[in-house]
1. Restricting attention to the alpha-carbon atoms of segment 400-443, what are Rg (one decimal) and Dmax (integer), both in Å?
2. Using θ = phi - 60° and the Karplus relation 6.51 cos²θ - 1.76 cosθ + 1.60, list the HN-Hα couplings for segment 391-402 in order, rounded to whole Hz, with x at every Gly or Pro.
3. May I ask which of Lys69/Lys422; Lys174/Lys528; Lys156/Lys448; Lys42/Lys69 have a Cα-Cα span longer than 18 Å here?
4. Provide the FRET efficiency to the nearest 0.05 for the Ala349-Lys454 pair, computing r from the beta carbons and using R0 = 30 Å.
5. Amide H to amide H under 5 Å from Asn50: which residues, 5+ apart in sequence or cross-chain, H placed 1.01 Å off N in plane?
6. At a Förster radius of 22 Å, what calculated FRET efficiency corresponds to the Cβ-Cβ distance of Lys397 and His94, to the nearest 0.05?
7. Filter Lys106/Lys421; Lys91/Lys491; Lys131/Lys491 down to the pairs with a C-alpha to C-alpha distance above 24 Å, please.
8. Give me the extension gain from Glu287 to Asn269: residue separation times 0.36 nm, minus the current Cα-Cα distance, reported in nm with one decimal.
Amino acid sequence: MNLLADVIIPIALVTVSYALCLVIGSLYRRLFPHLRHLPGPKNPHLLYGNFIEISEDDTASTHEKWAEKYGQTYRLNGLLKANILVTQDLKAIHHILRYSEEVYHKPDVARAAISRLLGDGLLVVEGEKHKMQRRVMNPAFGPIQIRALTEIFVDKSLELRDYWMREIQKSSNKEVIVGAGLSKMTLDVIGRAGESNQRFSQSFALQLNVNHPTIGFNYDFEALSGGANSELSRAFAAVFGNFNRTILDFLRTQFVIFRNLPANPVFRNARGLMDRIGNELLQDAKEVARSSEKQDGLIWTHNLPDHQRMSDEDVLAQIPTFFVAGHETTSTSTTSAIYILTQHKDVQAKLRQELLAVGTDSPSMDELSALPYLDAFVREVLRLHAPVTFIARAAVKDDIIPLKEPVIDVNGKTLTELHVKKGQLIQIPIQSMNKDKKLWGEDAWEFKPERWGKEPEAATKFQVYGVIFLHSLVVLELVLAGGSPSSSEMKAILFTLIRAFEFDLAVPKEDVTFKRPLMVSLSRPMAKSHLPERRLPVTLTPVTRDN
């Protein structure tokens with residue numbers, strides 16, 4: 001009885017009190033937001049706020065409408081009446097990104113959702129741990145390292161070309177599901193990356209635990225060939241192809257107390273598979289390193305200070321992050337590119353003419369970089385159809401955000417800066433900014449590769465944070481040394497496929513949408529008639545070359 005009175009009851013009371021404080025604090029911040037004086041749209045839904053309007057809009061016209069009505073900076077209603085600051089103001093964005101390490105972190109809700117699927121990798125951690133992981137991973141993504149990966153990009157693109165050629169030969173309608181083949185191909189690329197790029201290997205596995213230049217992330221997923229190892233490919237297809245979210249999925253991401261609820265079996269099985277393969281890769285690397293240490297006198301990095309190396313858990317968390325970085329973003333962007341080719345036959349023909357002038361099926365990085373129209377095409381695809389449509393941040397301390405364009409609040413007061421409180425949610429609408437007529441001119445909504453090289457001055461300034469730097473959250477986090485594996489791989493794929501096939505849409509144009517389901521991050525073209533799988537069927541016609 002004394003134990004109950006002296007220990008259990010006090011602990012229970014403290015726990016309940018703490019939980020109530022969290023709930024009351026959360027409700028107070030939602031019902032009485034600090035920036036409630038900012039203009040913004042009305043709240044149409046108590047649970048989802050304005051998010052339904054955003055998810056139903058596949059063109060960014062909703063954000064454009066709000067920006068025209070309320071200005072470059074306004075307030076939005078999020079889930080459960082959360083107060084969100086939305087800004088397209090370049091000065092404000094510069095400030096937010098500049099102080100992303102110290103003040104503006106990814107929101108807890110986003111981090112929890114990513115962590116549940118991918119673990120505590122580079123996309124999740126913040127602060128000193130984030131700096132350490134970036135420092136270790138950074139050397140893998142420099143221009144020299146990406147150049148070394150070009151051969152793999154091209155080889156796997158040729159394999160995808162042959163795979164699709166076999167598919168249409170077996171099919172009477174010559175159709176392929178674009179995203180399915182691209183996802184398999186890009187997963188195979190990630191698996192082979194450590195095979196040809198020693199610095200990539202070193203950054204991924206060796207600097208983390210062992211100092212040996214020939215061990216790394218080297219795993220043949222056999223996704224295109226359908227071999228035994230393609231189980232991971234099927235797991236990824238299940239995860240990224242399944243967008244039916246339940247109420248439990250919603251509760252887990254929004255509320256801490258629900259985060260230990262059992263996960264969706266599809267996600268749980270995929271995560272278990274990634275963990276198992278990751279452990280196999282790590283143990284293989286260690287075993288080879290032990291052998292090499294004995295033979296070559298190499299030194300393990302176990303004696304390094306903790307802040308200079310990753311733990312095994314940190315290493316394992318990077319593996320699914322790499323899967324997403326080299327797999328889903330490139331696949332999504334290239335699917336958008338192929339859809340655009342079906343809608344702009346003149347662009348398709350002009351690209352094919354440029355690419356067929358290259359006298360090899362296996363171009364080097366220099367040869368790919370020397371194709372101006374291909375470069376302009378890729379940039380324009382990423383401008384109009386960024387796979388990640390917005391970036392979310394949350395202030396971890398009070399701050400003052402400067403504004404380039406003043407805001408007139410609901411009381412008629414002109415604001416040249418915003419005082420934000422700790423916990424303030426912020427959204428940067430990338431897709432809307434990439435179509436902003438103030439930045440890109442009156443033809444901002446048109447697909448026009450020719451704009452590159454003579455884009456307006458405002459757009460030139462924006463590019464630092466815009467179409468190249470923010471086109472993917474994953475690329476934003478991983479490409480830190482000036483290279484861009486996603487766009488380089490995309491060029492290699494398009495080079496190979498456009499030389500081999502003519503692309504036509506296999507469904508009516510009206511059947512295609514870029515709508516993004518409410519709790520899904522990536523935006524890609526899909527046929528509404530093929531939902532919920534989000535497929536895009538395309539007809540391929542082999543190109544006949546004149547000798």
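Each value in this text was obtained by applying a stated rule to the coordinates, not by laboratory testing. Being a predicted model, the structure only gives us computed values, none of them experimental. Please note: Cβ atoms are built from the backbone with ideal geometry, for glycine as well, and neighbour counts cover all protein chains shown.
1. 13.5, 39
2. 10, 10, 9, 9, 6, 9, 7, 4, 7, 10, 9, x
3. Numbers: Lys69/Lys422 28 Å; Lys174/Lys528 20 Å; Lys156/Lys448 29 Å; Lys42/Lys69 13 Å.
Table pairs above 18 Å Cα-Cα are Lys69/Lys422; Lys174/Lys528; Lys156/Lys448.
4. On the way: r = 22 Å, r/R0 = 0.74.
About 0.85, to the nearest 0.05.
5. Sorted by chain and number, the residues that satisfy this are Asn77, Gly78.
6. Here the calculated transfer efficiency is 0.75.
7. On the way: Lys106/Lys421 15 Å; Lys91/Lys491 32 Å; Lys131/Lys491 30 Å.
Beyond 24 Å between Cα atoms: Lys91/Lys491; Lys131/Lys491.
8. Numbers: separation 18, 0.36 × 18 = 6.48 nm, distance 2.70 nm.
Separation in residues times 0.36 nm, less the Cα-Cα distance, equals 3.8 nm.
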